[in-house]
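Everything below concerns the one structure shown next.
Just so it is clear, none of the values below were taken in a lab; they were calculated from the coordinates. These numbers were taken from a predicted model, which means no experiment stands behind them. Positions of Cβ are generated from backbone atoms using ideal geometry, with glycine treated the same way; all protein chains shown enter the neighbour counts.
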Amino acid sequence: MKRPPSEVDLHSQAILRNTAGFTAEEMIDESIERLRDCLDAAIYHDYAEIRFIHGRGKGVLRARVYDELAYYKREGRIASYHPSFQNNDVVVVNLGI
């Protein structure tokens, strides 16, 4: 499993080469899939933390990101998560259990 970066941009423009033909929901699904891949890899490689950039916008991506992180926390796969103190457009995920 490839090591992920310590900070991951979840904006569709950072993930997809061309967003033409994608619905808003499909672009969010791609972002969540990227979050899962990077978070699973960070867990595998014993990262202490990983940061995800979800941006501001209307808050749709942020809500889905937080829902996904809540699932990981309930499953005991991450210790905690919170908005970055420096930038509310970023969520910091603490992996150490």
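Taking segment 6-33 on its own, how many of its residues are closer than 23 Å to GLU75 by Cα and in a loop (DSSP other than H, G, I, E, B)?
To start, the set of residues in segment 6-33 that are closer than 23 Å to GLU75 by Cα comprises 6-8, 10, 28-33.
Within this subset, residues satisfying the condition of being in a loop (DSSP other than H, G, I, E, B) are 6, 10.
Number satisfying all stated conditions: 2.
Looking only at residues that are outside any loop (DSSP other than H, G, I, E, B) and touching a strand residue (DSSP E or B) at 6+ places or on another chain (Cβ under 8 Å) in segment 73-84, which one is farthest from ILE53 (Cα to Cα)?
Applying the first criterion (outside any loop (DSSP other than H, G, I, E, B)) to segment 73-84 yields 73-74, 80-83.
When the remaining residues are screened for being touching a strand residue (DSSP E or B) at 6+ places or on another chain (Cβ under 8 Å), the result is 73, 80-83.
On the way: LYS73: 19, SER80: 16, TYR81: 13, HIS82: 12, PRO83: 10 Å.
If we take residues in segment 73-84 being outside any loop (DSSP other than H, G, I, E, B) and touching a strand residue (DSSP E or B) at 6+ places or on another chain (Cβ under 8 Å), then LYS73 is farthest from ILE53 (Cα to Cα).
Could you tell me whether segment 74-82 includes any residue that is within 22 Å of LYS2 (Cα to Cα), out of contact with any Cys (no Cβ under 8 Å at 6 or more places or on another chain) and either of a type in the set (D, E, K, R) or crowded, with 16+ Cβ neighbours inside 10 Å (or both)?
Yes, that holds for at least one residue.
Would you check which residues across segment 34-54 are within 14 Å of the chain's Cα centre (by Cα) and loosely packed, with under 14 Cβ neighbours inside 10 Å and list them?
Pass one, segment 34-54, residues within 14 Å of the chain's Cα centre (by Cα): 34-43, 49-54.
Scanning segment 34-54 gives a single hit, ARG36.
Mind checking which residues of segment 18-33 are surrounded by 12 or more Cβ atoms within 10 Å (Cβ to Cβ) and either closer than 13 Å to LEU95 by Cα or among the hydrophobic types (A, V, I, L, M, F, W, C) (or both)?
PHE22, ALA24, MET27, ILE28, ILE32
Kindly provide the set of residues from segment 38-79 that are farther than 19 Å from SER12 by Cα, of a type in the set (D, E, K, R) and without any contact (Cβ under 8 Å) to a residue 40 or more places away in the chain, ordered by number.
Passing the criteria: ASP40, LYS73, ARG74, GLU75, ARG77.
Table: residues versus (1) of a type in the set (Lys, Arg); (2) assigned to a helix (DSSP H, G or I); (3) on the phi < 0 side of the Ramachandran plot.
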site	(1), (2), (3)
LEU35	no, yes, yes
PHE52	no, no, yes
GLY57	no, no, no
GLN86	no, no, yes
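Looking only at segment 55-73, filter to residues that are surrounded by 13 or more Cβ atoms within 10 Å (Cβ to Cβ) and not hydrophobic (A, V, I, L, M, F, W, C); which one of those is farthest from ALA24 (Cα to Cα)?
So the residue we want is LYS73.
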